Amino acid sequence: MTGTVPTVELGDGLEVSGIGFGGMALSHVYGRTDPQEALRTLHHAVDRGVTFIDTADVYGEPREGTDGPAGTNEELIAQLLAGRRDEVRLATKFGITGRIGVSSAAAVRGDRAYVRASCEASLRRLGIDVIDLYYMHRRRLDIPIEETVGAMAELVAEGKVRHLGLSEVTATELRAAAAVHPIAAVQSEWSIWSRDVEAHVVPAAREVGAGFVPYSPLGRGFLTGALSPDRVAGGMLREQPRFTEHFDANQQVVDVLRDVGAQVGATPAQVALAWLWAQGESLGLPVVPIPGTRSAQRVTENADALAVRLSQDQKSRLDAAVDLVHGGRALTFTAKEWISAGRE
C-alpha cells in the first residue's frame with residue numbers, strides 16, 4: 001500500500017474509503033478503453049488507498065447478439081479482486097437490462113427471480129463469494145419496492161451480500177425500503193451543479209441512517225474544466241443540453257471552481273469534491289463520492305482532494321454557483337425510472 005485514505009462509515013456499519021472509484025468510466029459509455037491500462041488504473045487506486053470500487057452488471061461493451069447486461073466491467077474488476085479481495089469494498093448493481101445510453105423505460109427489472117439471478121451472475125463474473133454492497137440500480141415502477149428489497153434482503157440472509165443500497169430512489173421509496181431492511185447507501189447524481197436530491201432524498205437518507213454515494217460528482221468531467229466540445233460529440237454526453245447548447249454558458253460554474261481553487265491551491269475537480277464533503281457535513285450525513293477516471297494521475301488528484309479545506313465564504317460562493325447552471329441533468333430519453341427527481 002503506497003497511500004492511505006481515511007475511512008468513512010456509510011450506513012448499516014459499512015466502512016469504506018472516504019472517496020471511491022466509479023467503474024463506469026472504464027465502460028463503453030465514454031468510448032473504448034484499453035483493458036490493461038484500465039487494470040493498471042484500478043490497481044493504482046487501491047495502492048493510493050481508494051478501496052471502495054463501484055461497478056454494475058450493465059457496465060461494459062455489450063456482447064454481440066445480446067441486449068442484456070454486459071458484465072464486462074465486472075469481469076475487468078475481477079482481475080483486480082483476484083489478488084486484492086481483502087483490500088476492496090466492492091459495490092455492484094442490478095436492475096438495468098438494456099444498454100446504458102440507449103435504454104428505454106422497459107429496460108428495468110426488479111422482480112424477485114431477476115434479483116436473485118442477477119446476484120448469482122455478478123458473483124460468478126466477479127469471482128467472489130459475497131458482494132459488500134448490492135444496489136438496486138433503478139426501480140421498476142410497477143413492482144412495489146418492498147418486493148425488490150425483500151428479495152435483496154434474502155441475499156443478505158444467505159450470506160451472498162453484506163449490505164444493501166438503492167440508486168435514484170425518492171424519499172418515499174427510500175423510507176419504504178428501509179422499513180424492510182437497513183439501507184447502507186443511496187447512490188444518486190449529486191454535485192455542485194446537480195443538487196435536486198438535497199430537497200427530499202438527502203434528508204430521508206439522514207433519517208433512515210443511510211450514507212450517500214454521489215455518482216458523477218465531477219459533472220461527467222465538465223467540472224474538471226478539461227472537457228471540450230469535441231469530446232462531448234462522440235459519446236453519451238451529446239444527449240445532454242448541459243454539454244451541448246449550454247456548454248459555453250456553463251463555463252461560468254467552472255470559473256467559480258477555478259477561482260476558489262486558486263485561493264486554496266487546488267484544481268477545479270478537487271474543489272468540486274471538497275464542496276461535496278462540506279455539503280454532507282452541513283446536511284448531517286456521510287458522503288463518499290465515486291469519481292471515475294481512466295487515468296492514474298486523476299485518481300491521485302481526486303484522492304488528494306480530501307486534504308482541501310474550504311472557508312465558509314468559499315463554501316457560500318460555491319453554493320451560489322448552482323444559479324449559474326443552464327440545463328437539467330436528465331438525458332433526452334429519460335423516463336421516470338431513471339432519476340428520482342422525475343418522481344418526487
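The values are calculated or read from the model by the stated rules, or taken from the named source; none is laboratory data. None of the values given here were measured: they were computed from a predicted structure. Cβ coordinates were reconstructed from backbone atoms using ideal geometry, including for glycine residues, and neighbour counts include every protein chain displayed. Heads up: the accessible areas ignore ligands, DNA and RNA and are worked out on the full protein's heavy atoms, side chains in. Shrake-Rupley method; radii C 1.70, N 1.55, O 1.52, S 1.80 Å.
For the range 248-267, a residue qualifies if it is open to solvent by 10 Å² or more (accessible area, probe 1.4 Å) and either in contact with a Phe, Trp or Tyr (Cβ under 7 Å, 6 or more places away or on another chain) or closer than 11 Å to Ala321 by Cβ (or both), and the qualifying residues are Gln252, Asp255, Val256, Asp259. When Ala199 is tested against (1) modelled with pLDDT of 95 or more; (2) open to solvent by less than 50 Å² (accessible area, probe 1.4 Å); (3) within 20 Å of Ser167 (Cα to Cα); (4) out of contact with any Leu (no Cβ under 7 Å at 6 or more places or on another chain), exactly one condition is not met: (2).
Being open to solvent by less than 50 Å² (accessible area, probe 1.4 Å) and closer than 21 Å to Val8 by Cα is a property that Ile339 lacks. The sole residue among Ala269, Ala303 that is outside any loop (DSSP other than H, G, I, E, B), small (Gly, Ala, Ser) and in contact with a Ser or Thr (Cβ under 7 Å, 6 or more places away or on another chain) is Ala269.
Look at the range 292-315: where a residue is more than 18 Å from Ala262 (Cα to Cα) and a partner is assigned to a loop (DSSP other than H, G, I, E, B) and polar (S, T, N, Q), sitting 6+ places away or on another chain with Cβ atoms under 8 Å, you get Arg294/Thr33; Val299/Thr293.
Selection of the range 289-312 for residues being more than 23 Å from Val202 (Cβ to Cβ) and open to solvent by 60 Å² or more (accessible area, probe 1.4 Å) yields Arg294, Gln297, Arg298, Asp304, Ala307. Candidates Ala91, Ala117: the one that is of a type in the set (A, V, I, L, M) and within 30 Å of Gln240 (Cβ to Cβ) is Ala91.
For Asp86, the conditions (1) open to solvent by 20 Å² or more (accessible area, probe 1.4 Å); (2) in a loop (DSSP other than H, G, I, E, B); (3) modelled with pLDDT of 95 or more are fulfilled apart from (2). Figure legend. Inter-residue proximity from the range 34-63: first residues over 15 Å from Ile96 (Cα atoms), second residues assigned to a loop (DSSP other than H, G, I, E, B) and open to solvent by less than 50 Å² (accessible area, probe 1.4 Å), beta-carbon distance below 6 Å, spacing 6+ or different chains. Indicated pairs: Arg48/Gly3; Gly49/Gly3; Gly49/Val5; Val50/Val5; Val50/Ile19; Thr51/Val88; Ile53/Val88; Asp54/Ile290. Within the range 14-51, if we keep just the residues that are assigned to a loop (DSSP other than H, G, I, E, B) and within 23 Å of His137 (Cβ to Cβ), the residue that is most open to solvent (accessible area, probe 1.4 Å) turns out to be Arg32.
Scoring Ala157 on the criteria (1) hydrophobic (A, V, I, L, M, F, W, C); (2) without any contact (Cβ under 8 Å) to a residue 40 or more places away in the chain; (3) open to solvent by less than 40 Å² (accessible area, probe 1.4 Å) leaves a single failure, condition (3). Just one of the listed residues (Asp111, Asp142, Asp196, Asp132) is over 15 Å from the mean Cα position of the chain (by Cα) and under 16 Å from Leu10 (Cα atoms), and it is Asp132.
For the range 290-300, does any single residue satisfy the condition of being touching a Pro at 6+ places or on another chain (Cβ under 9 Å) and outside any loop (DSSP other than H, G, I, E, B)? Among the residues of the range 290-300, at least one is touching a Pro at 6+ places or on another chain (Cβ under 9 Å) and outside any loop (DSSP other than H, G, I, E, B), which makes the answer yes. Please indicate, with yes or no, whether at least one residue in the range 127-142 is in contact with a helix residue (DSSP H, G or I) (Cβ under 8 Å, 6 or more places away or on another chain), modelled with pLDDT under 95 and surrounded by fewer than 23 Cβ atoms within 10 Å (Cβ to Cβ). Yes, some residue in the range 127-142 is in contact with a helix residue (DSSP H, G or I) (Cβ under 8 Å, 6 or more places away or on another chain), modelled with pLDDT under 95 and surrounded by fewer than 23 Cβ atoms within 10 Å (Cβ to Cβ). One residue stands out among those in the range 231-266 that are assigned to a loop (DSSP other than H, G, I, E, B) and within 22 Å of Val308 (Cα to Cα): the one that is nearest to the chain's Cα centre (by Cα), which is Ala266.
Within the range 160-182, being open to solvent by 10 Å² or more (accessible area, probe 1.4 Å) and either closer than 21 Å to Asp54 by Cβ or aliphatic (A, V, I, L, M) (or both) holds for Lys160, Arg162, His163, Glu173, Ala176, Ala178, Ala179, Val180, His181, Pro182. The set of residues in the range 313-322 that are crowded, with 19+ Cβ neighbours inside 10 Å and among the polar types (S, T, N, Q) contains only Gln314.
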